[in-house]
Each structure stands twice: as structure tokens, then as C-alpha cells.
Amino acid sequence: MTDLTERLERCYTGAVYDVMRERGQENCVLPPEICGLTPQTRVAGPIFTLRGVAFDTQRDKDADYLLPWVRFLSEAPAGHVVLCQPNSGRLALMGELSAETLKSRGVRGYIVDGGSRDNSFICELGFPVFCRFRTPRDIVAKWVPDATGAPITIGDVLIRTGDYVLADFDGVVIIPAEIAEEVVAAVETVMSEEDKVREAIRAGRDPVEAYLEFGKF
């Protein structure tokens, strides 16, 4: 798992998508609104899923609605990337203390189909976060997790714990666990071939000649 994660981390999403498309798996890209907090933000690794539910009205503030969230922080496995479907378009499902906790526990990053807050602090921390929007609204008495490790859907992409993710400046791609090894190997071949095209272009070769020789562009 570690070796595959390291190899995937050296890839980029465009090449992964090309390989997935060639295998009839082009429905692998999350909605483009889900972006890293900075252009340099990127993360790769096996997935651990989180799902939650928002309340229609704010609940009793005296109840401990944060405890289930803290339990999730305790359960998230090291070496994984958390993907969260919060089912909320208003609340922040990541903040600085949570990011600090996940990073300290060895979690590789966090991708949410929702909001994030304390984002300048998270950027300083260097913990990779991809989100749909930024907001100061927190989850206290408004949201709780209702499943960890269960299948989720973001956009029209089914995501399971154990699948792989690569996220960079271009977007987020999901690779089913059962084909992750072969996809990464194919992407490595694609990148090697692209290097040959790149070298040919830099050497002054005509792009048509380079394309006909290497079959890539």
C-alpha cells in the first residue's frame, strides 16, 4: 500500500484520467468545484470515507454534538486520505484543530464535498485539504457524522474505503481498488512516453513528427 501510494503521488491527474478513460472508467473525476486550498496542494493515497447529516434546525447546544466528530478524528487511519460527503452546502467540515489532529495521526489529507474554515491556519500547517467552498460556519449542533468506511457518492462518482485518490491543481480522480495497481503502472508508462515527446519538442522536432513517432501529445 505504501509503495503504491508513493508511486501514485508522483503521477498527475491528467495522466490518470487518460488511462482510466482508455479502460472505460472515465467517470472518475470529482466535481471541479472541489479544489485545493492552494495551487500547490496535492495528495494521494488509499481512501477512508466519512458521511454525515445536517440538521434542519439548530439542536440543543447543551448536547455534546462534537463528540461523534472527535470519535471520527480518532478512527481515521494513518496513511489514508479522508473523503467526506457531508450532505451539507452551508457548513465547514474541516478546521484548524481537526486538521492538526489528523496530520498528527498520520492521515495524508482530507477531501470534502462541502466547506472548510480556518483555512489560512491549515495552509500554514501544510495539511492537504480540498473543499467545495470556504465558510466560517461550524458544525456545532448542526451536523453529525452518520457513517465511516461506508460507500459514498460525490457528484456521480462512487467512492469506497480502500479505493485510491489523487488530487492536484487540476482536480480529483478516484481509482477503484481492484485496478489501482495496473492503472498506476500504466500511468507511469504514459509519463515516460510523454517525457520522450517533451525532450523531442525541446530539441526542435516538429510536433507532428514527435506525435507520429511516440503516439502521445
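Bear in mind that the values in this text are calculations on the coordinates, not laboratory data. Nothing here was measured: the structure is a model prediction, and the numbers come from that model. Here the Cβ is made from the backbone with ideal geometry for all residues, glycine too, and neighbour counts use every protein chain on show.
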For q values of 0.09, 0.17 Å⁻¹, compute log₁₀ I(q)/I(0) with the Debye formula on a Cα-only model of the chain, without solvent. -0.39, -1.13
Whole-Hz ³J(HN,Hα) for each residue in region 19-27, computed from phi via Karplus 6.51 cos²θ - 1.76 cosθ + 1.60 with θ = phi - 60°, x for glycine and proline: what do you get? 5, 5, 4, 4, 9, x, 10, 6, 7
Placed amide H near Leu83: partners under 5 Å, 5+ positions off or other chain: Phe48, Thr49, Leu50, Ile111
Work out from phi, with θ = phi - 60° and the Karplus expression 6.51 cos²θ - 1.76 cosθ + 1.60, the ³J(HN,Hα) of each residue of region 155-160, listed in order in whole Hz, and give x for Gly and Pro. x, 10, 9, 7, 10, 10
Length-normalised contact order of the chain in % [C-alpha pairs under 8 Å, at least 6 apart]: 29
Signed unit charges on C-beta, dipole axis of the chain, positive-most listed residue Ala210, Gln40, Ala200: Gln40
Among Pro151, Leu166, Ala92, which residue has its Cα positioned farthest towards the positive end of the charge dipole of the chain, with +1 placed on the Cβ of Lys and Arg, -1 on the Cβ of Asp and Glu, and the dipole taken about the Cα centre? Ala92
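Please compute the contact order of region 37-123 in relative form: average sequence separation of alpha-carbon pairs under 8 Å and at least six residues apart, divided by the residue count, as a percent. Spell out each step's value before the answer.
Numbers: 127 pairs, mean separation 30.2, N = 87.
Answer for region 37-123 is 35 percent.
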Just to confirm a number: summing +1 for Lys and Arg and -1 for Asp and Glu over residues other than Thr148 whose beta-carbon lies under 11 angstrom from that of Thr148, what do you get? 0
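What is the extension gain from Thr189 to Glu26, computed as 0.36 nm multiplied by their sequence separation minus the C-alpha to C-alpha distance, in nm to one decimal?
Working: separation 163, 0.36 × 163 = 58.68 nm, distance 1.86 nm.
Once the chain is fully extended between Thr189 and Glu26, it gains 56.8 nm.
Note down the magnitude of the dipole of region 2-177 about its Cα centre, charges +1 on Lys and Arg C-beta and -1 on Asp and Glu C-beta and zero elsewhere, to the nearest 20 debye. Could you put the intermediate results ahead of the total?
Numbers: 19 positive and 23 negative charges, 26 e Å.
Its charge dipole is roughly 120 debye.
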One point scatterer per Cα, no solvent, Debye formula: log10 I(q)/I(0) for region 81-180 at q = 0.13, 0.22 Å⁻¹ comes out as -0.45, -1.30
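Please work out how much length the chain gains when fully extended from Asp206 to Ala150, using 0.36 nm per residue of separation minus the C-alpha to C-alpha distance, in nm with one decimal. Don't skip to the end; give the middle numbers.
Values: separation 56, 0.36 × 56 = 20.16 nm, distance 5.07 nm.
Extending this stretch completely gives an extra 15.1 nm.
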